[in-house]
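Heads up: the structure comes next, in structure tokens.
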Amino acid sequence: MEHADILWALAGIFGFYMAWNIGANDVANAMGTSVGSGALTLRRAVIVAAVLEFAGAFLAGSKVSDTVRKGILDADMFTGDPTPFICGMLAALLAAGAWLQIASYFGWPVSTTHSIVGAIIGFGVLYGGLEAVHWPKVWQIVASWVISPLLSATISYLTFKLLLRNIFYQKNPLEATKKLAPLLVFIVLTILTLTMVFKGLKNIDLDLELGPALLIAMTVGIVSAIITAVLVRRIKLKDHVESRSTHKIQYQEQSLQKARKHLRRLQDVSDPDTQEEIATLLKGAEDLGSRLEKERGPTDNPALNQVEKIFIYLQILSACFVAFAHGSNDVANAIGPLSAVLQTIEDGKVALKSTVAPEVLALGGLGIIIGLATWGWRVMETVGRRITELTPSRGFTAEFAAATTIVLATKLGLPISTTHTLVGAVVGVGLARGMGALNLNTVRDIAVSWVITVPAGAIFAMIFYKILMAFFG
């Protein structure tokens, strides 16, 4: 077909550009909590993510790609001259990449899937009109803006509350951690293995039913729990702490501070006799605060530091699973349209399904890791540090909640976004420590960027589609 070489070159460039921006934005979501909590340095996070994302994309990436992602457009409308279809897919890649680059510049964690879907909607409306779009599918995506973060935030909130009660609020948190570690590892490895099977390995004909998948996952969990039970016995208790944990006393101090604040407000609007009684209560509250401060002692608690070190290993483990699963699944957002264009150019007609060549998978994986290495720090900064202060235990909780949400949503057929899921989980961890632990301005900016993503992708795609059709149409 006419201009085949130019279109082929543009497809490779735009596909790589989209993959680069997936690495800069989406992969940073997976590793951001590990960097923010200090479990991994930025350099090590990039190395770990590079290896596992590329492995996931190249070894377990989809070998067959649907031309029309997520069934958004009516495939029957693509007949006749393939040029508009090719220009539409190129416009979608360029538009989604451009929006992701803008979002990454501002540190906004947005969904790459929603970006490419919005872009395809944009060119589809220009090509076939509003009726060409399957709007119920679009509303499912809109629903995921709410379902994904709410579900993961709830799970992370409850999980961290349980960790606080059963570990950090105990008289000896390290001893409590040693007792619970095998159970924690069993639950975590079981969930992460299910995540791998359902999300990370689904593209290599490993389509297991829930029963066999659960059996494999539980076997991995049990073996890991036994190994953990042996290893934690070797951890020696240092600086045995008999007083109540620092975490619990800090929580009491925060609650007491809020109580004093409300008492002062009440004192301002009360009559003289009541003001005198409130003054007595305030004096008692201040005395209690001083006693709690002395009981808490230094905030650098050696036992709690050892507990956090244990959670570092769990968090790194969960981050590795998430990175592999992400590489295998979301690389399709770049190579799907790219493969469709290459197949269509080769066949001379619109390819509704296209075979993904190994070199295309490699190109997508390479683009992802370069994007992470060059610009990923921006979104990592937002996820890891700007939403709420993270420690290894909090970062682990967020990643565990995100993985659990992915498994639940996959089997229940709920629309979900991996990005929204992880951000929601981080917010849930912050809420478990009180609303004051959250940076609400950052949360607001992220929520707005989510709402903008689909229409932004659509608008950019319309513009680029018109430009490309002016040259090649």
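Once segment 346-365 is narrowed to residues that are crowded, with 19+ Cβ neighbours inside 10 Å and aliphatic (A, V, I, L, M), the residue that is farthest from I22 (Cα to Cα) is V350.
Take T419 and decide whether it is at pLDDT below 90 and either touching a strand residue (DSSP E or B) at 6+ places or on another chain (Cβ under 8 Å) or within 27 Å of F400 (Cβ to Cβ) (or both). Lay out the reasoning, then the answer.
Values: at pLDDT below 90: yes; either touching a strand residue (DSSP E or B) at 6+ places or on another chain (Cβ under 8 Å) or within 27 Å of F400 (Cβ to Cβ) (or both): yes.
Answer is yes for this residue.
The residues listed here are V117, V125, V110; of these, the one that is under 28 Å from R394 (Cα atoms) and in the same structural domain as N305 (by TED's automatic domain parsing) is V110.
Just name the residue that is farthest from S393 (Cα to Cα) out of those in segment 7-51 that are assigned to a helix (DSSP H, G or I) and free of Cβ contacts under 8 Å to residues at least 60 places away in the same chain. Before the answer, list the steps.
Initially, segment 7-51 is screened for residues assigned to a helix (DSSP H, G or I), giving 7-37, 42-51.
Filter once more, keeping what is free of Cβ contacts under 8 Å to residues at least 60 places away in the same chain: 9, 13, 43-44, 47, 51.
Numbers: A9: 47, I13: 41, R43: 21, R44: 19, I47: 22, V51: 24 Å.
That would be A9.
Going through segment 59-81 one residue at a time, which ones are modelled with pLDDT of 75 or more, surrounded by fewer than 20 Cβ atoms within 10 Å (Cβ to Cβ) and not aliphatic (A, V, I, L, M)? Answer for segment 59-81, where residues must be modelled with pLDDT of 75 or more, surrounded by fewer than 20 Cβ atoms within 10 Å (Cβ to Cβ) and not aliphatic (A, V, I, L, M): D74, T79, G80, D81. Out of curiosity, is L42 in contact with a Cys (Cβ under 6 Å, 6 or more places away or on another chain) and not β-branched (V, I, T)? Criteria not met by L42.
If the condition is being loosely packed, with under 15 Cβ neighbours inside 10 Å, in contact with a helix residue (DSSP H, G or I) (Cβ under 8 Å, 6 or more places away or on another chain) and modelled with pLDDT under 85, then segment 223-252 contributes R233, L237, K238, D239, H240, S243. The helices (runs of 4 or more DSSP H) found entirely in segment 340-452 that carry 1 or more residues being under 14 Å from the mean Cα position of the chain (by Cα) and of a type in the set (D, E, K, R) are 358-381, 392-412. If the condition is being over 13 Å from T419 (Cβ atoms) and aliphatic (A, V, I, L, M), then segment 442-453 contributes V443, V448, V451, I452.
Only one entry of F400, F460, F396 meets the criterion of being within 30 Å of G129 (Cα to Cα) and aromatic (F, W, Y), and that entry is F460.
Test A398 against the stated conditions and say whether it is at pLDDT 90 or above and buried (at least 23 other Cβ atoms within 10 Å of the Cβ). Yes, satisfied.
Given the residues L162, L174, L192, which is the only one that is at pLDDT 90 or above and of a type in the set (A, V, I, L, M)? Explain how you work it out, then say what you get.
On the way: L174 fails: at pLDDT 90 or above; L192 fails: at pLDDT 90 or above.
Answer to the check: L162.
The values are calculated or read from the model by the stated rules, or taken from the named source; none is laboratory data. Everything numeric in this text was worked out from a predicted model, so none of it was measured. We place every Cβ from the backbone using ideal geometry, glycine too, and count neighbours over all the protein chains shown.
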